[in-house]
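These notes are about the structure you will find just below.
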Amino acid sequence: MPDFPTPPFRRAAARAAAAVCIAVLAVAGAASAGGPPAPVPESPAREVPLPAQPPAASATQPMIPEALLRPGAAVTMAQVVEIALDNNPLTQASYRQALSAAALFGSKKAPYYPTLNATASFTRSNNLFLSPTTTTTLDTYGPALTLNYLLLDLGGRAANAENARLGLIAADWNHNATIQNVILGVETTYVGYLDAKAQLDAATVDVTQAQAALDAATSRHDAGLATIAEVLQARTALSQAHLSQQTADGQVLALRGALATAMGLPANTPYDVGRLPADLPLDHATGAVEDLIATARLRRPDLEAARALAAKAAVHVKAVRSDGLPALSLAATAGRTYYNPTLATGNRNTWSASALVTIPLFTGFANTYNIRQAVADAEVAKAQANSLDQQVVLEVWQSYYAFKTSTQLVKTSRDLLASAEESERVALGRYKEGVGTIIDLLTAQAALANARAQEIYARSSWYVAVAQLAHDTGTIPPLNQPIEVTKKAGE
């Protein structure tokens, strides 16, 4: 073949391409070298100057309701839960995951529709004609449309769409489970704060009673009817009562910040709640434990999510098996080509249509192992759902009898408190009359303080038990009964 001289524009293009390649190689070399060299210490006694780090992304500021910032405002349990659900990042994440699953479901239904692509092409070519040294440049350009449509795939796209639909259902159930977990955590912290406030009130009463014992011992000592040891014992008991009061006060402030954090607010947010109610609906009907277990098996969102994931894994087996089955598709193309210089025809229309049958014959055993993996994953998901079902039954069983026990503890602690109050009243009267001893009085007051604390703890534990039983059965208790314990400010 004769050697043809290289046209000038081709030599220029070759030089430009070489320059581009050199520049690309230089950039790649700098990238592989890791950018600028790392700083090294100048001497053993000098610190290494480190490059400035980019500022961290600022966190989203929580929403603080205006009513919460009013002086003297008190929030109810329902308001606390509402604020927490709005600000908690866990509920926001689970919500976005559900939106992502919904978008994936829509994407997996796309194979039921044809795909249509528009393209535009431009081609410049050199063509040799009759003389070996004569060339001409020909430009061809024009638009084109390409249509592809899957007609039959023996269940593959249906299985993929069902797989995504079950994933969406699981994401929805997981979102519900996240909401219930957040509600339980807020309820527990809320009741804990009420318990701390009630314990502080009880500690204040203990201080008052300890002061009364000290006053009685001082009066008897001034009258010559008691020794200085009795006064010192009473004063020691008063100091212990003050210590307990200060400890309870610190616990109130700590739990107040914890509740604010549970609501997604700064710990120093100014707010307050009501008091732990003295009267409890101890006749709160719960039904038989078997009925609660049946309810939990139907309504527990985490269990429903596990079942949906198990069904999703089973459907995935069908989708994997369809990869090894024949598929029938339709392809069509239509376009128009223009020429420069213009030929005799001016332009030319082209089209084509074809039906394509794809039959996988051999894939290196990939499909076989993919099916085995999908079957094993389906069995794992099924076993996990069964395990969670047993765990749900156990949780309902335990929370049911914890609720029953807490109800009985409230009744017993009230009897204990009434007995301790009567014993302290009698011991104080006997001591003032000179019949009893200071030891008897201080012992009675210590027993009363312990009984008062136990009664408060029994009441708060009852509320926690109600919330836990509702959570374990997959239901949400009414947030105004029996949890709501305060009125709005100004009422």
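Every number here is computed from the coordinates shown, using simple stated rules; none is lab data. All values derive from a computational prediction rather than experimental measurement. All Cβ positions, even for glycine, are placed from backbone atoms using ideal geometry, and neighbour counts span all protein chains on display.
Counting every other Cβ atom within 10 Å of each residue's Cβ, 206, 201 order from fewest to most as 201, 206.
Between residue 93 and residue 278, what FRET efficiency follows from the Cβ-Cβ distance if R0 is 56 Å, with the result rounded to 0.05? Walk me through the numbers on the way to the answer.
Working: r = 40 Å, r/R0 = 0.71.
Working from the Cβ atoms, E equals 0.90.
To the nearest µm²/s, what D does Stokes-Einstein give for the stretch 369-423 at 37 °C and 0.692 mPa s, using the Kirkwood radius over alpha carbon pairs as Rh? Stokes-Einstein gives a translational diffusion coefficient of 218 µm²/s. A dipole drawn for the stretch 210-363 from +1 and -1 charges on Cβ atoms has a positive end, and of 352, 289, 234 the residue lying farthest that way is 352.
Which of 320, 393 comes first, and how do the rest follow, when ranked by fewest Cβ neighbours within 10 Å?
Fewest-to-most Cβ neighbours within 10 Å comes out as 393, 320.
Quote to one decimal, in nm, the extra length available between residue 119 and residue 411 on full extension: 0.36 nm per residue of separation minus the C-alpha distance between them. Before the final figure, lay out the partial values.
Numbers: separation 292, 0.36 × 292 = 105.12 nm, distance 8.08 nm.
Gain in length upon complete extension: 97.0 nm.
Which net charge results for the neighbourhood of residue 338, defined as the other residues with beta-carbon distances under 14 angstrom from its beta-carbon, given Lys and Arg at +1 and Asp and Glu at -1? Local net charge: +2.
Averaged over residues, the count of other Cβ atoms within 10 Å places the peptides 441-447, 367-373, 246-252 in the sequence 441-447, 246-252, 367-373, highest first. Spatial offset of the stretch 378-393 relative to the stretch 260-334 amounts to 14 Å, using the alpha carbon center of each.
Thinking of the stretch 391-480 as a set of Cα atoms, what percent of all their pairs are more than 21 Å apart? Don't jump to the answer; show the numbers that get you there.
Values: 1951 of 4005 pairs.
Taking all Cα-Cα pairs of the stretch 391-480, the fraction more than 21 Å apart is 49 percent.
Taking other Cβ atoms within 10 Å as a rough exposure proxy, 415, 377 sort from fewest to most as 415, 377. Residue separation of residue 419 and residue 243 scaled by 0.36 nm, minus their Cα-Cα distance, works out to 60.8 nm of gained length. Scalar couplings 3J(HN,Hα) for the stretch 453-466, obtained by applying the Karplus form with A = 6.51, B = -1.76, C = 1.60 to θ = phi - 60°, are 5, 5, 5, 5, 5, 5, 5, 5, 5, 5, 5, 5, 5, 5 Hz; x denotes Gly and Pro. Here the stretch 292-333 is assigned +1 on the Cβ of each Lys and Arg and -1 on the Cβ of each Asp and Glu. Its dipole about the Cα centre then comes out at about 220 debye. Rg over Rh for the stretch 249-333 works out to 1.35, using Cα positions for both radii and the Kirkwood form for Rh.
Order these peptides, 146-153, 228-235, by their mean beta-carbon neighbour count within 10 angstrom, highest first.
In descending order of packing, they fall as 228-235, 146-153.
Only Cα sites of the stretch 216-295 enter the Debye sum here, all with the same form factor; the resulting log10 I(q)/I(0) across q = 0.17, 0.18, 0.23, 0.27 1/Å is -0.86, -0.88, -1.02, -1.16, listed in q order.
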